[in-house]
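Everything on this sheet refers to the single structure shown next.
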Amino acid sequence: MLDISTETFERFRTQALRERDLLSVERRRIRTNLLSEETRSNDDRSHHGWIVLRERLLMEAIQRIDQNRFGVCVHCSGPVGKERLFRDICQQLCQDCATLQAN
């Protein structure tokens, strides 16, 4: 668990919920476009896929917050690091595991 206040955890959770809600609206807009023959595009399909993935990652982050596992690397159980989480709330790996996964 991270060494941050309960208030900061709540801010992370609120931020994740807000972003998820905004993405949900955008996903519905793109889905409507994809269903319409004349506005169908590969860019919309690609963007829709990214939104679905990001929504899933945000829900996983919210779940980790609710289960007091937020900030714990899902691979090695080490600390993810505050800086990484402030950059992207969806971070699941510590710097070492992220580097290993990238290589």
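A few notes on this one:
- Correct option for Rg and Dmax of the Cα atoms in Å [calculated from the coordinates] among (i) 16.2, 52; (ii) 17.9, 51; (iii) 13.0, 36: (i)
- The chain: calculated mean residue ellipticity at 222 nm from DSSP helix runs of at least 4, using -39500 (n - 2.57): -22500 deg cm²/dmol
- Overall, the stretch 50-100 carries a charge dipole of about 40 debye about its Cα centre when +1 sits on the Cβ of Lys and Arg and -1 on the Cβ of Asp and Glu, all other atoms neutral.
- Of all accessible heavy-atom area on the chain, the percent that carbon and sulfur account for (1.4 Å): 49
- Using the 1.4 Å probe convention, the accessible area of the chain works out to 67 Å² per residue with neighbouring protein chains retained.
- Listed residues 42, 68, 33, most fluctuating in the chain (Gaussian network, C-alpha, under 10 Å): 42
- Anisotropy class of the stretch 45-103 from Cα gyration tensor, a/c 1.5 cut: oblate
- Relative contact order (percent, whole number), the chain, Cα cutoff 8 Å, 6+ residue spacing: 29
- Magnitude of the charge dipole, the chain, Cβ model with Lys/Arg +1 and Asp/Glu -1, debye to 20: 140
- Ligands, DNA and RNA aside, residue 34 has an accessible area near 30 Å² when probed at 1.4 Å.
The values are calculated or read from the model by the stated rules, or taken from the named source; none is laboratory data. Predicted model, so just to flag it, every value in this text is computed and none were measured. Note that we place each Cβ from the backbone using ideal geometry, even for glycine, and neighbour counts take in every protein chain shown. Surface accessibility is based on the protein's heavy atoms, side chains included, excluding ligands, DNA and RNA. Shrake-Rupley method; radii C 1.70, N 1.55, O 1.52, S 1.80 Å.
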